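In what follows, a single structure is set out as structure tokens and then discussed.
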Amino acid sequence: MLMQFLASGFMLGSVYGLVALGFAAIYKATRVFNFAQGMLMATGAYLAVTGSVVLGLPLVGTIAFVVVAAGTLGVVIQWLLIRPLAGRPLLAMVMITIALSIILRALIVIIFGGGAQTLRLGLPEGSFVLGSVRISAIHATAAGVSWLCMALFMVFFRFSKAGLLMRATADSHEAAVLSGVNVNRINATAWALGTILAAIGGVFLGQLQVASVELENIGLLALPAVVIGGLQSIPGAIIGGLLVGLIEQLSSGYISPKARDIFVYVPLLIILLVRPWGLFGERELGRV
Amino acid sequence: MSGVASAEAVLEVQGVFAAYAAKATALSDVSLTIPAGGMVALLGSNGAGKTTLIKAISGLLPLHHGTLVSGSVRIAGTNITGLRADRIVRLGLGQVPEGRLVFKHLTVEENLQVGAAVVPRAVGRERIAAVYDLFPRLAERRRQQAGLMSGGEQQMLALGRALASAPRILLIDELSLGLAPIIVKAIYAQLRAVRAAFGTAMLVVEQNAKLALEICDTAYVLERGVIVMSGSAAEVAASDRIRESYLGSSGGAL
């Protein structure tokens, strides 16, 4: 059983890692602790419903629709809500993202109704056996695509010019401005990417379960994931996501599905108490 | 006079008044002109308004809750008053800020690449090579994380990053702060080499008046937000007021 739990934990954790990576990208570039990340993930599932059911697009078209729509949503959020509040206290930013999350939920309920929607994208179904472990094709696809997206993001972040400017802005906002970096554009890019990553995670979780606003609760697991991994660390977010997936599967497998939250949030508390910069984050060198 | 000066001036500050939200006027009718390739010192004690003037030029006042109340700033004839700070950099203003402000988590090479991001790729590559020639120390450490270098090396890097953007004029704010005198001398000597190589004009803000007057052609003295004296570096260095207030008794050795 252990191997089975570990395998499904790894696969779910890969999707959590993807959503957490989106959260970390936004936090790193703009210093906004985005409580709406869970709802952005749920929004991704509904964008997929819109693409496949409402617009009747094929799989590739639906994916393209989700990516473009989520990216646009991220830019609009940054433009309308985050940018005008630049320089305001942390509390204002946090309240904005909570309000955003509530508004998105209300919009989804108004447009799609409160009930859950089934999402069938035509991804490979069925399952296969690997050693002693049975793996569902959808879980394997979700994990594979998540890792592909994470790899693409890492390549972008490490090696592209926009990625370099994003890292520079994350390092010192003022130095970036003084070097001629258009910080607003960088922040918009970060929000677009963070929203796209959340939405892709939402597409898969909507497929594994159903598309519902309650997906938000799963998306919010990105928060303990990044805090455990280290808010400042991109690889830390991915590893944090994997850990949360493993903890979830092991605790629901051996104890009870209800035990998940305890075993995810207790480590969060312990980390905050003894190592607030996370497992892989760096202690701040000084005040920014 | 102003017509001729405008055509040649790379930086022209005219009648600038600036204020902070809570405080009285921080700058009062400040004007200064830097000719192409000129090296100009801006002297003044703590709180005289030097940093406010720098921020008024670079467009950073709003970020520090200040306002440019009236007056204008031009770079090579283009009015930059009220433009966003990053746009001003693109128009040719290179900045070496107080406290260096390098990107601590990026490598030396990446810091320079960020500086060069505002110019075409080929120009940037050429500029970065030139920076490595001027500061071989940076070339040796190109893969090192900037935050792990010494203060002097970080200062070289901040200067190099600004140079990588191929600026028409460099604003250099308190370069000597917190550095050993021997390192400061070495970096200042390189400023002359920079001018010789690229013809870059410079506005050098310094508390260490002796140093600044040694390398600059002309100087302005700012006191309580007002320009109280300007002239050639030699004239300013010879004035009693400067000898007493800024150069101390050793000023006579200039």
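Quick notes on this one:
- Neighbourhood net charge (9 Å Cβ-Cβ; Lys/Arg +1, Asp/Glu -1) for residue B:107: +1
- Helix A:260-274 and the longest principal axis of the C-alpha atoms of chain A enclose an angle of approximately 30°.
- Shape of the range B:135-254, Cα gyration tensor, a/c cut at 1.5: prolate
- Which of A:80, A:199, A:251, positive extreme of dipole for chain A (C-beta unit charges): A:80
- Three principal axis lengths of chain A [C-alpha, angstrom, descending]: 56, 46, 34
- Förster radius 45 Å - calculated FRET efficiency between residue B:109 and residue A:268, Cβ distance, rounded to 0.05: 0.75
- Estimated FRET transfer efficiency when R0 is 56 angstrom, pair residue B:139-residue A:109 (beta carbons, to 0.05): 0.40
- Nearby aspartates and glutamates by direct alpha-carbon distance to residue B:185 (threshold 15 angstrom, same-chain neighbours under 8 apart not counted): B:153, B:174, B:206, B:214
- Helix-only [θ]222 nm of chain B, DSSP H runs n ≥ 4, -39500 (n - 2.57) each, per residue, nearest 500: -11000 deg cm²/dmol
- Of the three principal axes defined by the Cα atoms of the protein assembly as shown, the extents in descending order read 88, 45, 44 Å.
- Among the residues of B:55-66, the average count of other protein chain beta-carbon atoms within 10 Å of the residue beta-carbon is 1.
- Restricting the calculation to Cα atoms, chain B yields a radius of gyration followed by a Dmax of 17.6, 50 Å.
- Relative to the compact-globule estimate of 2.2 N^0.38 Å, the Cα radius of gyration of the range B:125-184 comes out at 1.11.
- Anisotropy class of the range B:1-129 from Cα gyration tensor, a/c 1.5 cut: oblate
- Helical mean residue ellipticity (222 nm; -39500 (n - 2.57) per DSSP H run of 4+; nearest 500) of chain A: -23000 deg cm²/dmol
- Rounded if a/c under 1.5, otherwise prolate or oblate - the range B:15-91, Cα gyration tensor axes: oblate
- Along chain B, the exposed loop sites are trypsin sites (Lys or Arg not before Pro) outside DSSP states H, G, I, E and B with at most 10 other Cβ atoms within 10 Å, and the longest stretch free of them is B:24-142.
- Other protein chain Cβ atoms within 10 Å, averaged over every residue that makes up B:90-96: 2
- Computed on the range A:117-248, the Cα convex hull volume stands at 132 Å³ per residue.
- GluC sites (Glu not before Pro) within the range A:181-281, DSSP loop, no more than 10 other Cβ atoms inside 10 Å: none
- For the segment B:113-126, counting C-beta atoms of other chains within 10 Å of every residue's C-beta and taking the mean gives 3.
- Inter-probe distance in nm under a simple model that places probes 7 Å from Cα toward Cβ, at residue A:123 and residue B:238: 8.2
The numbers here are math on the coordinates, done by the rules we state, and not lab data. Since we're looking at a predicted model, the values are computed, not measured. Backbone-built Cβ (ideal geometry, glycine too); neighbour counts: all protein chains shown.
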